[in-house]
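Below is one structure, written out as structure tokens; comments come after it.
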Amino acid sequence: MNMPLPPDQRDDLSAPGRLGNWVAGRIEAFAHTARHPLFWVGAREMSGISVGLTAWSFMTGVAMVKSGMTLTEAVLMSLLVFAGSAQLAVIPLLATGAPLWVILAAAFCVNLRFVVFSLHLRDYFMFLPRAKRLWLGYFTGDVTYVLYTRRFPKPAETERQRRAQMAYLWGGNCCNWIFWQTFSMLGIFLGAALPERWGLEFTGTLALLAVTCSLAATRLRAFSAIVAATAAVVLFNLPYRLNIVAAIVVAVALCLVIEPKLQPPSGGKGVQDA
């Protein structure tokens, strides 16, 4: 174990020295988490699902370069955004030169579900500093959130439980991130090398459509998808592809009105369809 430096020696360190110590501390913290048995449980459970997401990540990479983005832009977008649905939503907007506010609005609407996720996870991670919560939020995706909350229905109450929960979540996050980035990069570089006549720029949309259909597992979800699709077609003539943003708003608003009516009555047994 590395002994901490005295305050006077820490002050004498140069900027590269402080950066080196910070990186070493992060590596040591990650190694400590990875040694927990639940880290590998989370990675193993996520790996089976991540394999199914590789087609989506690959086609997202292809769609980026086929839309006119440079290799550098596509790589940076994959690493910094790390949100396949948001990437596919804004790629056409970037290609048509839409204003920045429209691009940001589309990405925000597509990722509104993460606001709900973060509200649910607030009690789990409020013990962490804000910077660490932001770092954790970057890595946490849809599927890792579902697996995590299914295994841990309630927040941890002790330090030992917190370590176990964090280890499991980081195992799933690391597995998901590695799978996604690997196949996204593969799609980016192969997409740049493959000829235009293959028409692969549309395959990202097809992959997202397949994932969307698989997620419509309840009547309410299927209804919201149909409403959003219908609204997008009806409002197709809106400029800057604002029909996508409007369709999301319409579907979310309508479902917020309908969902309370589908809840079972208090003390009774009803049909849970959400």
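The values are calculated or read from the model by the stated rules, or taken from the named source; none is laboratory data. As the structure is a computational prediction, the values presented were derived from the model and not from experiment. Ideal geometry is used to build each Cβ from the backbone, glycine not excepted, and the neighbour counts take in all protein chains shown.
How many residues, within region 96-115, are loosely packed, with under 14 Cβ neighbours inside 10 Å and either in a helix (DSSP H, G or I) or modelled with pLDDT of 90 or more (or both)? I'd like the intermediate steps shown before the answer.
To start, the set of residues in region 96-115 that are loosely packed, with under 14 Cβ neighbours inside 10 Å comprises 96-97, 99-101, 104, 112-113, 115.
Those still in the list that are either in a helix (DSSP H, G or I) or modelled with pLDDT of 90 or more (or both) too: 100-101, 104, 113, 115.
Here the count works out to 5.
Can you work out which of the residues in region 233-244 that are in a helix (DSSP H, G or I) and modelled with pLDDT under 85 is surrounded by the fewest Cβ atoms within 10 Å (Cβ to Cβ)? Let's see the steps before the verdict.
First pass over region 233-244, keeping only residues in a helix (DSSP H, G or I): 233-234, 239-244.
If we keep only those that are modelled with pLDDT under 85 too, we end up with 239-244.
On the way: 239: 10, 240: 17, 241: 20, 242: 16, 243: 17, 244: 24.
Looking at the filtered set, the residue picked out is 239.
Can you spot a residue in region 59-71 that is free of Cβ contacts under 8 Å to residues at least 24 places away in the same chain, on the phi < 0 side of the Ramachandran plot and more than 16 Å from the chain's Cα centre (by Cα)? Give the derivation first.
Residues of region 59-71 that are free of Cβ contacts under 8 Å to residues at least 24 places away in the same chain, as a first pass: 70.
Checking which are on the phi < 0 side of the Ramachandran plot leaves us with 70.
Filter once more, so that each one left must be more than 16 Å from the chain's Cα centre (by Cα): 70.
Taking every residue of region 59-71 in turn, at least one turns out to be free of Cβ contacts under 8 Å to residues at least 24 places away in the same chain, on the phi < 0 side of the Ramachandran plot and more than 16 Å from the chain's Cα centre (by Cα).
Considering only region 66-95, state which residues are of a type outside the set (A, V, I, L, M, F, W, C), part of a helix (DSSP H, G or I) and either modelled with pLDDT of 85 or more or surrounded by fewer than 22 Cβ atoms within 10 Å (Cβ to Cβ) (or both). Walk me through it before giving the result.
So the first thing to find is which residues in region 66-95 are of a type outside the set (A, V, I, L, M, F, W, C), and the list is 66-68, 70, 72-73, 78, 84-85, 87, 92.
Next, only the ones that are part of a helix (DSSP H, G or I) stay: 66, 72-73, 78, 84-85, 87, 92.
Scanning region 66-95 gives 72, 73, 78, 85, 87, 92.
Kindly indicate whether any position in region 221-229 is at pLDDT below 85, surrounded by 12 or more Cβ atoms within 10 Å (Cβ to Cβ), aliphatic (A, V, I, L, M) and within 20 Å of residue 56 (Cα to Cα).
Checked against the condition, which is being at pLDDT below 85, surrounded by 12 or more Cβ atoms within 10 Å (Cβ to Cβ), aliphatic (A, V, I, L, M) and within 20 Å of residue 56 (Cα to Cα), region 221-229 yields at least one hit.
State yes or no: is residue 118 part of a helix (DSSP H, G or I) and modelled with pLDDT of 85 or more? Break it down stepwise before answering.
On the way: part of a helix (DSSP H, G or I): yes; modelled with pLDDT of 85 or more: yes.
The answer is yes for residue 118.
Of the residues 169, 194, which single one is modelled with pLDDT under 90 and either surrounded by 18 or more Cβ atoms within 10 Å (Cβ to Cβ) or among the aliphatic types (A, V, I, L, M) (or both)?
Going through 169, 194 in turn, just one is modelled with pLDDT under 90 and either surrounded by 18 or more Cβ atoms within 10 Å (Cβ to Cβ) or among the aliphatic types (A, V, I, L, M) (or both): 194.
Being at pLDDT 90 or above, surrounded by fewer than 16 Cβ atoms within 10 Å (Cβ to Cβ) and not assigned by TED's automatic domain parsing to the domain that holds residue 250 is true for just one of 180, 135. Which residue is that?
Details: 180 fails: surrounded by fewer than 16 Cβ atoms within 10 Å (Cβ to Cβ).
After ruling out the rest, the residue left standing is 135.
Listed residues 63, 43; which is crowded, with 18+ Cβ neighbours inside 10 Å, within 29 Å of residue 163 (Cα to Cα) and not polar (S, T, N, Q)?
Details: 63 fails: within 29 Å of residue 163 (Cα to Cα).
Residue meeting the stated conditions: 43.
Being surrounded by fewer than 16 Cβ atoms within 10 Å (Cβ to Cβ), in a helix (DSSP H, G or I) and more than 14 Å from the chain's Cα centre (by Cα) is the requirement here; does residue 162 meet it? Before the answer, list the steps.
Values: surrounded by fewer than 16 Cβ atoms within 10 Å (Cβ to Cβ): no; in a helix (DSSP H, G or I): yes; more than 14 Å from the chain's Cα centre (by Cα): yes.
So residue 162 fails the test.
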